[in-house]
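A short worksheet on the structure shown next.
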Amino acid sequence: MRMIFLHTITFLGILCGVSAMRVTYRNVTLQGRATMSTIIDDYRWGFHSAAINAIDGNQDPDVIHGSCSHTHKQLSPWWRVDLLKPYKIAYITITNRKNFSDRMNGAEILIGNSLSDNGNYNPRCAVITSIPDGATQTFYCHGMTGRYVNIIIRGKTEFLQLCEVEVWTADSN
């Protein structure tokens, strides 16, 4: 069972007569479909490395606990979530694994509606310079719109490991 998480922020008007506006942020990955370039097939990992593990609502950064995705070491590894329809994306949070956190350095976060080259040429939201061991970092996408969110380590032979990816969209009330 997946849990739905919402963040609510209320903005108060500065001028007299302006009503407050409530913005609710919703994690839209929880109903999404995830895939990735490869899945590590080491018998020790088994299901621990599936793409869907990165959108299971569990930020546990320990790969051994089974809540992280994990590709083979390959050139330009990628991971993608299909949000099933386009959303205007406010921000994305990514939780890195507990060890080997530098493997994600230089990864690109892409957002768009194209599946050309598996979605790896959609517009860029951000580049991950580094996320410390087991930490969660936020990347602001300033309303970019897209159905697909990709994370790719372009031009480098590496493993791609993601313990949680959350894509947050804003709904105004």
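The values are calculated or read from the model by the stated rules, or taken from the named source; none is laboratory data. Treat the numbers as computed from the prediction; the structure is a model and nothing was measured. So basically every Cβ, Gly included, is an ideal-geometry build from the backbone, and we count neighbours across all protein chains shown. The area values use the complete protein model at the heavy-atom level, side chains included, leaving out ligands, DNA and RNA. Shrake-Rupley method; radii C 1.70, N 1.55, O 1.52, S 1.80 Å.
List of remarks:
- Listed by position, the strands (runs of 3 or more DSSP E) inside region 69-128 whose residues that are more than 17 Å from K156 (Cα to Cα) and in contact (Cβ under 8 Å) with a residue 60 or more places away in the chain number at least 1 are 78-95.
- Filtered by the rule that a residue be outside any loop (DSSP other than H, G, I, E, B) and open to solvent by less than 20 Å² (accessible area, probe 1.4 Å), region 156-165 gives Q161, L162, E164, V165.
- Here the condition is being closer than 23 Å to Y25 by Cα and open to solvent by less than 70 Å² (accessible area, probe 1.4 Å); of G119, G112, G106, G134, it holds for G112 alone.
- Test: residue in region 137-152 that is assigned to a loop (DSSP other than H, G, I, E, B) and surrounded by fewer than 19 Cβ atoms within 10 Å (Cβ to Cβ): no
- Test: residue in region 16-25 that is open to solvent by less than 70 Å² (accessible area, probe 1.4 Å), within 23 Å of N118 (Cβ to Cβ) and at pLDDT 90 or above: no
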